[in-house]
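The values are calculated or read from the model by the stated rules, or taken from the named source; none is laboratory data. Quick caveat, the model's predicted, so the values are computed rather than measured. Note that each Cβ is placed from the backbone with ideal geometry, even for glycine, and that neighbours are counted across all protein chains shown. Keep in mind that these areas ignore ligands, DNA and RNA; they rest on the heavy atoms of the full protein, side chains included. Shrake-Rupley method; radii C 1.70, N 1.55, O 1.52, S 1.80 Å.
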Amino acid sequence: MIKVGIVGGTGYTGVELLRLLATHPQVQLQAVTSRKEDGMPIADMYPSLRGRVALAFSAPEKAKLTECDVIFFATPHGVAMAQTPELLAAGVKVIDLAADFRLQDTAVFEKWYKMPHSCPELLKEAVYGLPELNRAAIKDARIIGNPGCYPTTMQLGLAPLLKAGVVDAGHLIADCKSGVSGAGRKAEVAMLFSEASDNFKAYGVSGHRHSPETVEQLGKLTEQKIGLLFTPHLVPMIRGMHSTIYARLTKELDNAALQALFEDAYKNEPFVDVMPFGAHPETRSTRSSNMLRIALHRPNDGDTVVVLVVQDNLVKGSAGQAVQCMNLMFGLEETTGLMHVPVMP
Ligand SMILES: NC(=O)C1=CN([C@@H]2O[C@H](COP(=O)(O)OP(=O)(O)OC[C@H]3O[C@@H](n4cnc5c(N)ncnc54)[C@H](OP(=O)(O)O)[C@@H]3O)[C@@H](O)[C@H]2O)C=CC1
Ligand SMILES: CC(=O)N[C@@H](CCC(=O)OP(=O)(O)O)C(=O)O
């Protein structure tokens, strides 16, 4: 059994990890931290876990994290990097759901996250945790920088086009929408019911920290220089993410050939569903599951390909992807504990 610890178990990705790991056949939950709820039984806070998780939250300083095989950090940016050197020295693997280990360039991290990086020497070793594009490296990793939710949709939506060299990589557009749980469980006025429901708005239009992460990773797929316009929006739903991605074709390709590019790229991927050409994927078709669905369109048979991508931000967009990485790091079948059917309606 893999001994697992979770730092930040009271938050939305923390409880999602708990939901997935509670039924994972190879996992034993050892420690789940909360600074505010030290001693509280986890199932008292989350009754969905009654009868499934017997542990109580413990304060981070009391939790015996170095006795675990792997620690998931479901915490704000900056928490994982402070503890990772000590954990690695004790032989513990680290999967950070925040951004401490996503970017390779320390200066880029410090610019976007507005804090110094406390262990920049580990950025070279850290592996970007997107299994569909980085599986071999994940298997051997000690530190995973789990991707952001928006970047997961943008990369999986664009990878087949960039790898095949059939689009202008300098002028990519991603118009993305997230449910409110993407902002986490912390109290914030903009996320109150009366503020976020019955409302729709863009944010971060002049620059969002998921742009540098996405550009860095997309740059590995092509010789062209990446130019990306990324606009996130907040939609009044709890879970779910919908990204509409536009790319200009630079090669003559009919719709069947375009579709074949995606079907070939993802034919062996258990968590990427390429829907029929022209389909309209719905966020709810992925709800509570690790599935990401993609559909292609070619408006007016012109030279723009539109890629629609949906996922659950809390599963493939964070906790599910992190468990997928853990399975790879410990030599398990990648799908272990992750084959839930989405919840519809
Ligand atoms: N929500 C989403 O859809 C996604 C989130 N992410 C990333 O995952 C991470 C977690 O997100 P999310 O679950 O939404 O966040 P939440 O705000 O819901 O939860 C944060 C958790 O971290 C704990 N925490 C906060 N500060 C510290 C600290 N200094 N030391 C130890 N624990 C701390 C909190 O518990 P307590 O205060 O009791 O200690 C809480 O359990 C973030 O970095 C986020 O950017 C990534 C992809 C998608
Ligand atoms: C709706 C909403 O607010 N979403 C978050 C994305 C959360 C996430 O995945 O990002 P990080 O892990 O990089 O913080 C945001 O835009 O900040």
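Would you confirm, using the coordinates I've provided, whether E125 is more than 16 Å from ligand 2 (Cβ to nearest atom) and either at pLDDT below 95 or under 17 Å from the mean Cα position of the chain (by Cα) (or both)? Even if it seems obvious, please write down each step before you answer.
Working: more than 16 Å from ligand 2 (Cβ to nearest atom): yes; either at pLDDT below 95 or under 17 Å from the mean Cα position of the chain (by Cα) (or both): no.
No: the conditions fail for E125.
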- prompt: Can you find a residue in region 31-38 that is out of contact with any Gly (no Cβ under 7 Å at 6 or more places or on another chain) and open to solvent by less than 50 Å² (accessible area, probe 1.4 Å)?
  reply: no
Elements of type helices (runs of 4 or more DSSP H) contained in region 69-165, each with 1 or more residues being within 28 Å of D175 (Cα to Cα): 106-113, 131-139, 149-164
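Take the residues in region 79-93 that are under 21 Å from D38 (Cβ atoms) and open to solvent by 20 Å² or more (accessible area, probe 1.4 Å); name whichever of them is farthest from ligand 1 (Cβ to nearest atom). Even if it seems obvious, please write down each step before you answer.
Within region 79-93, the first condition is being under 21 Å from D38 (Cβ atoms), and the residues that meet it are 79-80, 82-83, 86-87.
Add one more test, that the residue is open to solvent by 20 Å² or more (accessible area, probe 1.4 Å), and what stays is 79, 82-83, 86.
Details: V79: 5, A82: 8, Q83: 9, E86: 14 Å.
Taking the candidates together, the pick is E86.
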message: On the basis of being part of a helix (DSSP H, G or I) and away from ligand 2 (no atom under 16 Å from the Cβ), does Q321 make the cut?
response: no
task: Report, by residue number, each residue of region 269-296 that is open to solvent by less than 40 Å² (accessible area, probe 1.4 Å), within 22 Å of S181 (Cα to Cα) and assigned to a loop (DSSP other than H, G, I, E, B).
output: F271, P281, S288, S289, N290, M291
- prompt: Is at least one residue of region 233-250 outside any loop (DSSP other than H, G, I, E, B), more than 16 Å from ligand 2 (Cβ to nearest atom) and open to solvent by 40 Å² or more (accessible area, probe 1.4 Å)?
  reply: yes
message: I'm trying to understand the selection: among the residues of region 173-201, which are open to solvent by 20 Å² or more (accessible area, probe 1.4 Å), away from ligand 2 (no atom under 11 Å from the Cβ) and either under 24 Å from T106 (Cα atoms) or among the hydrophobic types (A, V, I, L, M, F, W, C) (or both)?
response: I173, A187, V189, L192, F193, F200
- prompt: Name the residues in region 236-272 that are of a type in the set (V, I, T) and in contact (Cβ under 8 Å) with a residue 60 or more places away in the chain, would you?
  reply: T244, I245, T250, V272
field: Filter result (open to solvent by less than 20 Å² (accessible area, probe 1.4 Å) and either at pLDDT below 95 or farther than 23 Å from Y150 by Cβ (or both)) within region 297-333
entry: N327, M329
